[in-house]
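Novice: I have a structure I would like to understand better, so I am pasting it below and will then ask my questions one at a time.
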Amino acid sequence: GAVVSQHPSWVICKSGTSVKIECRSLDFQATTMFWYRQFPKQSLMLMATSNEGSKATYEQGVEKDKFLINHASLTLSTLTVTSAHPEDSSFYICSARPRLLRGTDTQYFGPGTRLTVL
Amino acid sequence: LAKTTQPISMDSYEGQEVNITCSHNNIATNDYITWYQQFPSQGPRFIIQGYKTKVTNEVASLFIPADRKSSTLSLPRVSLSDTAVYYCLVDSEYGNKLVFGAGTILRVKS
């Protein structure tokens, strides 16, 4: 159980285009989903927290107009990188925290999406 | 969110037991300790979570002393495939986001 998928697993795009990445919790409902970015040989950096049916909360320094997050259901969140540029090339990882009746469960991570902007 | 500190890297040989210690001096009463493993170009994988004393599952053990200011992840008889980055995180019972530190790079040699 507790499987999180991401699509696509990798994407190459031209500078100036927009790219959408999907994150799905396959066998549980997620109260909250998170988006991280990871550059080579660095740790994961939290970009934003996404709650179903409400606006995402962005971490300091993350441009909300550039990284659009939509959390339309309890099993799906999307991250759209708008007008991508080469410096946006990175490994994007989502995670989801299962919805429990009481307390909380740990986060489960997707396999990641490698974005390369030419 | 309690900050965690762990060694930058560790080396081991196949078949040995590896212990990675993490300090979290500011851990709160409702916080849990969670460890993740990450291979290159993959998302982190949950290893184990604990609150106090000892927790064991099929892949690892987690030792947490009474003051809970530190924890030790124990990997029995490591193999080459255990070479990865290991992250120690503090997660609140009512918590939300996780903040990743630098992690520990474990290199297992033959």
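The values are calculated or read from the model by the stated rules, or taken from the named source; none is laboratory data. Values in this document were obtained by computation on a predicted structure and should not be read as measured data. Cβ sites come from the backbone with ideal geometry, for glycine too, and all protein chains shown count toward neighbours. Just the protein is used for accessible areas: all its heavy atoms, side chains included, with ligands, DNA and RNA removed. Shrake-Rupley method; radii C 1.70, N 1.55, O 1.52, S 1.80 Å.
Novice: Of all residues in the stretch B:8-57, how many are within 14 Å of chain A (Cβ to nearest Cβ), β-branched (Val, Ile, Thr) and touching a residue at least 60 places away in the same chain (Cβ under 8 Å)?
Specialist: So the answer is 2.
Novice: Give the number of residues within the stretch B:1-27 that are in contact with a strand residue (DSSP E or B) (Cβ under 7 Å, 6 or more places away or on another chain) and either in a strand (DSSP E or B) or open to solvent by less than 80 Å² (accessible area, probe 1.4 Å) (or both).
Specialist: 18
Novice: Checking A:Phe39 against (1) surrounded by 13 or more Cβ atoms within 10 Å (Cβ to Cβ); (2) closer than 24 Å to B:Phe39 by Cβ; (3) without any contact (Cβ under 8 Å) to a residue 60 or more places away in the chain, which single condition isn't satisfied?
Specialist: Every listed condition holds for A:Phe39 apart from (1).
Novice: Could you list, in sequence order, all residues of the stretch A:73-85 that are farther than 21 Å from A:Leu118 by Cα and over 13 Å from the mean Cα position of the chain (by Cα)?
Specialist: Within the stretch A:73-85, A:Ser73, A:Leu74 meet the criteria.
Novice: For the stretch B:58-81, give me each residue that is crowded, with 17+ Cβ neighbours inside 10 Å and part of a loop (DSSP other than H, G, I, E, B).
Specialist: B:Ala60, B:Arg68, B:Val78
Novice: Output the residues belonging to the stretch A:75-88 that are of a type in the set (Gly, Ala, Ser) and over 18 Å from A:Pro111 (Cβ atoms). Show your work before the answer.
Specialist: Here is the first cut: in the stretch A:75-88, the residues of a type in the set (Gly, Ala, Ser) are A:77, A:83-84.
Within the stretch A:75-88, A:Ser83, A:Ala84 qualify.
Novice: Now for a different question. Just give me the residues in the stretch B:33-57 being open to solvent by 20 Å² or more (accessible area, probe 1.4 Å) and among the aliphatic types (A, V, I, L, M), in sequence order.
Specialist: B:Val55
Novice: Given the criteria farther than 30 Å from A:Ala56 by Cα, within 14 Å of chain A (Cβ to nearest Cβ), out of contact with any Asp or Glu (no Cβ under 6 Å at 6 or more places or on another chain) and not charged (D, E, K, R), does B:Ile64 qualify? Explain how you work it out, then say what you get.
Specialist: Details: farther than 30 Å from A:Ala56 by Cα: yes; within 14 Å of chain A (Cβ to nearest Cβ): no; out of contact with any Asp or Glu (no Cβ under 6 Å at 6 or more places or on another chain): yes; not charged (D, E, K, R): yes.
Against the criterion (farther than 30 Å from A:Ala56 by Cα, within 14 Å of chain A (Cβ to nearest Cβ), out of contact with any Asp or Glu (no Cβ under 6 Å at 6 or more places or on another chain) and not charged (D, E, K, R)), B:Ile64 does not qualify.
Novice: On the basis of being hydrophobic (A, V, I, L, M, F, W, C) and in contact with a Phe, Trp or Tyr (Cβ under 9 Å, 6 or more places away or on another chain), does A:Met47 make the cut?
Specialist: Details: hydrophobic (A, V, I, L, M, F, W, C): yes; in contact with a Phe, Trp or Tyr (Cβ under 9 Å, 6 or more places away or on another chain): yes.
It is true that A:Met47 is hydrophobic (A, V, I, L, M, F, W, C) and in contact with a Phe, Trp or Tyr (Cβ under 9 Å, 6 or more places away or on another chain).
A quick yes/no check of all residues on (1) free of Cβ contacts under 8 Å to residues at least 40 places away in the same chain; (2) farther than 20 Å from A:Thr49 by Cα:
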site	(1), (2)
B:Leu62	yes, yes
B:Ala66	yes, yes
B:Arg77	no, yes
B:Ser81	yes, yes
B:Ala84	no, yes
B:Asp91	no, no
B:Gly101	no, no
B:Thr104	no, yes
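Novice: Can you tell me which residues in the stretch B:82-110 are aliphatic (A, V, I, L, M), crowded, with 19+ Cβ neighbours inside 10 Å and within 14 Å of another protein chain (Cβ to nearest Cβ)?
Specialist: Initial filter on the stretch B:82-110 (aliphatic (A, V, I, L, M)): B:84-85, B:89-90, B:98-99, B:102, B:105-106, B:108.
Pick out the ones that are also crowded, with 19+ Cβ neighbours inside 10 Å and you get B:84-85, B:89-90, B:98, B:106, B:108.
The answer is B:Ala84, B:Val85, B:Leu89, B:Val90, B:Leu98.
Novice: Within the stretch A:42-53, restricting attention to residues that are open to solvent by less than 60 Å² (accessible area, probe 1.4 Å) and assigned to a loop (DSSP other than H, G, I, E, B), which residue is farthest from B:Gln6 (Cα to Cα)?
Specialist: Ranking the qualifying residues of the stretch A:42-53, first place goes to A:Leu44.
Novice: For residues in the stretch A:8-36 being part of a loop (DSSP other than H, G, I, E, B) and within 14 Å of chain B (Cβ to nearest Cβ), which is surrounded by the most Cβ atoms within 10 Å (Cβ to Cβ)?
Specialist: A:Phe28
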